[in-house]
Amino acid sequence: MTTSVAVRNNPLESRTLGLVLRLDAVASGALGVLLAGIGSALEGPLGLPRELSLAAGAFLIVWALALLAIGRRTAINRTAVLVVVAVNAAWVIASVALLLGAFEFTGLGIAFVLAQAVAVAAFAGLQAKSLTSV
């Protein structure tokens, strides 16, 4: 499947961008289902408050649907991708801020938050790079 990115009204092909957006959607959706579905069970082992798990999980499920909608288009809107990169960057910053905040994460919880932040940062980097390479 070939994806086009509208850059200055000039659609350009980018298979990578569409793929990266769809992979981000799958990862976000999977984490969202995990957090929303078993958020209570994660509180003890991770130190992740139940309410935070449920809220983050619900957001991630909606976010995954938005990413899928953007990534499945044949002509991907550049502005939409810039918003995706900005939201992903904000998620990484918020994740690090959580570790510095009032919550008492366990060692496993700190590793969990850092691992997902690194994954999100990687997606943001790939999405930004895909925009500049088309």
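Among the residues of the stretch 86-94, is any of a type in the set (Gly, Ala, Ser) and touching a Gly at 6+ places or on another chain (Cβ under 6 Å)?
Within the stretch 86-94, not a single residue is of a type in the set (Gly, Ala, Ser) and touching a Gly at 6+ places or on another chain (Cβ under 6 Å).
Considering only residues that are loosely packed, with under 15 Cβ neighbours inside 10 Å and modelled with pLDDT of 95 or more, which ones fall in the stretch 98-109?
106, 107, 108
Counting just the residues of the stretch 116-129 that are closer than 21 Å to residue 48 by Cα and not polar (S, T, N, Q), which one comes out least open to solvent (accessible area, probe 1.4 Å)?
Only one residue tops the list, namely 117.
Could you run through the stretch 69-115 and say how many residues are in a helix (DSSP H, G or I) and either more than 27 Å from residue 50 (Cβ to Cβ) or of a type outside the set (A, V, I, L, M, F, W, C) (or both)?
16
May I ask you to say which residue of 100, 68, 48 is of a type outside the set (Asp, Glu) and either closer than 15 Å to residue 131 by Cα or in contact (Cβ under 8 Å) with a residue 60 or more places away in the chain (or both)?
After ruling out the rest, the residue left standing is 48.
Which one of these is modelled with pLDDT of 95 or more, open to solvent by less than 60 Å² (accessible area, probe 1.4 Å) and either of a type in the set (Gly, Ala, Ser) or assigned to a helix (DSSP H, G or I) (or both): 57, 39?
Among 57, 39, only 57 is modelled with pLDDT of 95 or more, open to solvent by less than 60 Å² (accessible area, probe 1.4 Å) and either of a type in the set (Gly, Ala, Ser) or assigned to a helix (DSSP H, G or I) (or both).
Starting from the stretch 13-24, keep only residues that are over 18 Å from residue 63 (Cβ atoms), then list their pairs with residues that are part of a helix (DSSP H, G or I) and open to solvent by less than 90 Å² (accessible area, probe 1.4 Å) whose Cβ atoms are within a distance under 6 Å, requiring at least 6 positions of separation or different chains.
Matching pairs, first to second residue: 14/130; 16/130.
Here are some residues: 128, 97. Which one is in contact with a helix residue (DSSP H, G or I) (Cβ under 6 Å, 6 or more places away or on another chain) and of a type in the set (A, V, I, L, M, F, W, C)?
Within the list 128, 97, the selection yields 128.
Would you please name the residue that is modelled with the highest pLDDT, looking only at residues in the stretch 71-97 that are open to solvent by less than 70 Å² (accessible area, probe 1.4 Å) and touching a Leu at 6+ places or on another chain (Cβ under 7 Å)?
84
The values are calculated or read from the model by the stated rules, or taken from the named source; none is laboratory data. Predicted model only: the values in this text are computed from it and were never measured. No Cβ is skipped: glycine too gets one built from the backbone with ideal geometry, and neighbour counts run over all protein chains shown. For accessibility, only protein heavy atoms count, side chains too; no ligands or nucleic acids. Shrake-Rupley method; radii C 1.70, N 1.55, O 1.52, S 1.80 Å.
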